[in-house]
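Data block below; observations after.
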Amino acid sequence: MGLFTKKCIGVDIGAASIKLVEVSKFGKKKKLENYAEFQLPPTATSIKTFHGESLLLLSDEVSEILRAVFKKIKIRERKAVLSIPDFSTFFTTFTLPPMTESEIPQAVEFEARHHIPLPLSEVTFDWQIIEKEEVLPGVKLKILLVAVPNNVLKNYQRMATLAQLEVKGMEAEVFGLIRSTISKEKQHSPLCLVDIGWQSTTVSIVKRKRLQVSHSFDISGIGLTQKLSSALNISFMEAEKLKKEYGLDPHHENVSKVLLREINSLAADIEKVCQDFYQAEGIRVDDVIIAGGTANLFGLREYLSSRLRKNVQTANPFSAISYPKILEPRLKDLGPSFAVALGGAMWGVET
């Protein structure tokens, strides 16, 4: 059986934690083999995933953590897909006039120079066709362009080498999220994916499982805690505990009132992204999936459903693969924060 079984690890290195998911594939069946999370203390200063404004991975520290985690939970597989934070990635879309298939790559590179805010020599970029319309004398195309600074990729590769990983691929977080969270029932519908991370939130529109637009906003897990700490004049750790314990519970108005100011700002951002997409494409987005470590904030899904008047669901990515049923309650709770790592692992066993 081992000759026909593929395995891969998805690695999601965030600002507050490092998450690993190991997935195997036999035939068409994908199975959860292992998962782990290394949580960085919220106030840690000795280990930082990203350094200052450069957003460069501190590869030595992270590789040490990965090696320790592999040893502790006995993961032997070393093939891995690494997720790159959306705030380190540049996304844009543009339309190309009718042309032949052979002309497309050169036209994309020409357009890329006008859309990427760095010299092309300093980035690695990729693109995909997200809309295609057959017209004379060729094909009218809508292109999604993704670019990552070379120094970011270089640091990830160094980290992987030090951790003794064989890199099968690197991708922006949003692509792992799309892969793991959109069910077959929803894959043809336009969706809004909201990934609320520790440092920022990414709001993306997806149609037929293809990314259409993606925007990053400042609201974040750490930002919510800092606002609570300042408003209540308590320590960061105390504020983090209250945030996790009470969330948007109206019975604890001193906490929920502060958090709601930020959540209303997030709701406004989501509304604007959806409205801009409607104005540009004439397509309404009625379904929202929330993911990331803050997605399980008490009352958040219900509040956003009411505020946005949309169908808001919390990501449940592990439902896409098989696992022991005894783990179901635990994996449902962990799902929103493990969606990116799982999506990476799922890609790895398909390639």
What does the extension gain come out to for residue 99 and residue 278, with contour length at 0.36 nm per residue minus their alpha carbon separation? 61.7 nm
For segment 90-148: Kirkwood Rh in Å [reciprocal of mean 1/r, alpha carbons]: 11.7 Å
At R0 = 35 Å the Cβ-Cβ FRET efficiency linking residue 218 and residue 106, nearest 0.05, sits at 0.40
Plugging the Cβ-Cβ distance of residue 234 and residue 162 into 1/(1 + (r/R0)^6) at R0 = 56 Å yields, to the nearest 0.05, a FRET efficiency of 0.90
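What does the charge add up to near residue 239, with Lys and Arg as +1, Asp and Glu as -1, over the other residues with Cβ less than 13 Å from its Cβ?
Numbers: positive: 227, 241, 243, 244; negative: 238, 240, 245, 262.
In short, 0.
Compare the peptides 328-336, 175-183, 217-225 by average per-residue count of other Cβ atoms within 10 angstrom and give them in order, highest first. Don't skip to the answer; put the middle values down first.
Numbers: 328-336: 16.6, 175-183: 24.0, 217-225: 20.3.
Per-residue mean Cβ counts within 10 Å order the peptides as 175-183, 217-225, 328-336.
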Residue 311/residue 261 FRET efficiency (R0 35 Å; Cβ-Cβ; nearest 0.05): 0.90
Separation of segment 107-121 and segment 239-256 by C-alpha centroid, Å? 46 Å
Counting only DSSP beta bridges with both residues in the chain, tell me the antiparallel percent, nearest 5. 75 percent
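From the helices alone, meaning DSSP H stretches of at least four residues, give me the mean residue ellipticity at 222 nm for the chain, per-run term -39500 (n - 2.57), in deg cm²/dmol to the nearest 500. Kindly include the intermediate steps, with their values, before the conclusion.
Working: 9 runs with 133 residues, N = 351.
Estimated from H runs of four or more residues: -12500 deg cm²/dmol.
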Dipole of segment 90-148, positive direction: furthest Cα of 102, 130, 92, with charges on the beta-carbon: 92
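Can you tell me the order of 162-170, 315-323, 277-285 when each peptide is scored by its average per-residue count of other Cβ atoms within 10 angstrom, highest first? Can you show the working numbers first?
Numbers: 162-170: 16.7, 315-323: 20.1, 277-285: 13.7.
Put in order of decreasing packing, that is 315-323, 162-170, 277-285.
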Placing each pseudo-label 7 Å from Cα in the direction of the beta carbon, residue 330 and residue 61 end up separated by a distance in nanometres of 2.8 nm
Tell me which residues come under 5 Å, amide H to amide H, from residue 172 once H is placed; ignore anything under 5 positions away on its chain. 84
Of the listed peptides 230-238, 343-351, 258-266, what is their order by residue-averaged count of other C-beta atoms within 10 Å, with the highest listed first? 343-351, 258-266, 230-238
Computed from the coordinates I sent, Rg/Rh (Cα atoms, Kirkwood Rh) equals one of (i) 1.13; (ii) 0.99; (iii) 0.97. Tell me the label. (iii)
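Computed from the coordinates by the stated procedures, all read-outs in this text should not be read as laboratory data. Owing to the predicted nature of the structure, the values given are computational and were not obtained by experimental measurement. In this analysis, Cβ positions are derived from the backbone assuming ideal geometry, glycine residues included, and neighbour counts consider all displayed protein chains.
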